[in-house]
Amino acid sequence: LIPEVSSLSWFTTIVPLVLVLVITAIKDATDDYFRHKSDRQVNNRQSQVLIRGRYFCQIPSTILNKIRKQTH
């Protein structure tokens, strides 16, 4: 701000900007937390997978571990 031209103090300019940034950061953090929670729930659901002609009903991470062991 140019003091000779501006009719506002630095306080009335900076405070609303900081307030908006803080509120946005809090909103983004809560969105990320709930997305992480939802992703964890979806990733831990049982799935039916066909491997070499057989169906397996397991959690996807368990299936991936079995496949990795079979290929090594």
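Each value in this text was obtained by applying a stated rule to the coordinates, not by laboratory testing. Quantities reported herein were computed from a predicted structural model and do not represent experimental measurements. A quick note on method: Cβ atoms are made from the backbone with ideal geometry, for glycine too, and the neighbour counts reach across all protein chains shown.
The share of alpha-carbon pairs in segment 7-69 lying farther apart than 16 Å comes to 67%.
Distance between the 7 Å Cα→Cβ label points at Asn43 and Thr24: 2.8 nm. With R₀ set to 30 Å, the beta-carbon distance separating Leu17 from Arg68 gives a calculated FRET efficiency near 0.05. Among Ile26, Phe56, Gln46, flag the residue with its Cα farthest along the positive direction of the charge dipole of segment 7-69, charges on Cβ as +1 for Lys/Arg and -1 for Asp/Glu. Value: Phe56.
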